[in-house]
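Asker: Pasting a structure below so you can have a look.
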């Protein structure tokens, strides 16, 4: 579909895709403040795509301080319909070693210090998060990963912790008892906000370590993590280029994300202030301005 636009949100170790030579860096403003950094607008094989480094270029934003609302609003302003998050995670399972990718389809949100909704004043909305990632977009990611022969797992549960500290051993073992697959610090509330903005979302998690539950990895060492990160990032960049070429072939016009706000807003029209409607014009203008 001609109006579909892809954005990549890059996590730890993925701050740019240098191979993109057609480059324009965009300074964006939103009602929620500024996004993490300038958004790279580029064309690859004649297809327009956007790239946003979640922690900023040079990694200066801690997970709890990421302005998730500004990031999602800015991408929505640019007409983005599909977001693929590429994130570094720790493994909670023996068969998910460093270097393996996981196509996450479920989350357990353990964060507590973040703004998690666009609908926090005057207008209340409840979107469904039963299936937080887009199946069709995951199919596109899987196809792109396969082309690079990257070891991966389709489906998995991602525990999102607050951070920035890594887990205690007791916490790590608790999450393993929940049968979760990976642990990280950034995909929530990102996935929730993408849903509120009616943007399809997929998460590609790149395993960097075994977390502290593993007897051979009791202390998570940032320097060792970075070494795996750099290797993973090189693989991820190739995956991204494949994805740009093929993601439109997988678009599902019936994806429930496309119009989820139709059945989410509960506030009576007369109680919706003009100020809040204006604030939400990018995220929810489709339904609020009817």
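Any read-out appearing in this document is the output of simple, stated calculations on the displayed coordinates, not a laboratory observation. What you see is a predicted model, and the numbers here were worked out from it, not measured in a lab. Glycine also receives a Cβ, built like all others from the backbone with ideal geometry; neighbour counts cover every protein chain displayed.
Asker: In which sequence would 32, 178, 213 go, from the one with the fewest C-beta neighbours within 10 Å to the one with the most? Before the final figure, lay out the partial values.
Answerer: Working: 32 19, 178 11, 213 22.
Ordered by Cβ neighbours within 10 Å, fewest first: 178, 32, 213.
Asker: A further question follows. What is the distance, in nm, between label points placed 7 Å from the Cα along the Cα-to-Cβ direction at residue 4 and at residue 271?
Answerer: 3.8 nm
Asker: Could you check what % of the DSSP bridge pairs in the chain are antiparallel, to the nearest 5? All intermediate terms of the calculation are to be shown ahead of the outcome.
Answerer: Working: 17 of 46 bridges.
Antiparallel bridges: around 35 percent, rounded to the nearest 5.
Asker: Helix-derived [θ] at 222 nm for the chain: sum -39500 (n - 2.57) over DSSP H runs of at least 4, divide by residue count, nearest 500? Write out the running numbers ahead of the final one.
Answerer: Values: 7 runs with 81 residues, N = 290.
Result for the chain, helices only: -8500 deg cm²/dmol.
Asker: For residue 108 and residue 230, compute 0.36 nm times the residue count separating them, minus their Cα-Cα distance, and round to one decimal in nm. Provide the component values of the computation, followed by the final result.
Answerer: Numbers: separation 122, 0.36 × 122 = 43.92 nm, distance 2.67 nm.
Extra length from residue 108 to residue 230 when fully extended: 41.2 nm.
Asker: Given labels modelled 7 Å from the Cα in the Cβ direction, how far is it in nm from residue 254 to residue 34?
Answerer: Going by the 7 Å Cα→Cβ label model, 4.5 nm.
Asker: In nm, to one decimal, how far is the modelled label at residue 223 from the one at residue 174, with both set 7 Å along Cα→Cβ?
Answerer: Rounded to a tenth, the inter-label distance reads 3.2 nm.
Asker: For helix 135-147, what angle does its Cα long axis make with the longest principal axis of the chain, in degrees from 0 to 90 and rounded to 10?
Answerer: Roughly 40 degrees, rounded to the nearest 10.
Asker: Most fluctuating residue of 245, 37, 216 in a GNM of the chain with Cα springs under 10 Å: which is it?
Answerer: 216
Asker: Taking other Cβ within 10 Å of each residue's Cβ, how do 95, 109 sort, fewest first? Can you show the working numbers first?
Answerer: Values: 95 8, 109 19.
With the sparsest Cβ surroundings first, the list reads 95, 109.
Asker: Please check which bits of region 27-43 a label hung off residue 60 would reach, taking the label as a point 7 Å along Cα-to-C-beta and the cut-off as backbone N under 20 Å.
Answerer: Once the point is set 7 Å along Cα→Cβ of residue 60, 27-30, 33-41 turn out to lie under 20 Å by backbone N, inside region 27-43.
Asker: Nearest 5 is fine: what % of DSSP beta bridges in region 1-94 come out antiparallel, could you say? Mind showing how you got there, number by number?
Answerer: Values: 10 of 20 bridges.
Just about 50 percent of them are antiparallel.
Asker: If you build a Gaussian network model of the chain, linking Cα atoms that sit under 10 Å apart, which residue out of 204, 102, 124 swings the most?
Answerer: 124
Asker: Now, a different point. Report the gain in length on full extension from residue 155 to residue 94: 0.36 nm times residue separation, minus Cα-Cα distance, nm rounded to one decimal.
Answerer: 20.4 nm
Asker: Which of rounded, prolate or oblate describes region 150-266 when judged by the alpha-carbon gyration tensor and an a/c cut-off of 1.5? Don't skip to the answer; put the middle values down first.
Answerer: Values: a/c = 2.55, a/b = 1.46, b/c = 1.75.
Note, shape of region 150-266 comes out oblate.
Asker: Could you give the distance between the Cα centres of region 137-191 and region 47-113, to the whole Å?
Answerer: After rounding, the separation between the Cα centres reads 11 Å.
Asker: OK, next. Using a 10 angstrom cutoff on alpha carbons, build the Gaussian network for the chain and name the most mobile of 118, 60, 166.
Answerer: 60
Asker: Sticking with this structure for a sec: Treating only the Cα positions of the chain as identical point scatterers, give the base-10 log of I(q)/I(0) from the Debye formula at each q in 0.10 Å⁻¹.
Answerer: Debye intensities relative to I(0), on a log10 scale: -0.50.
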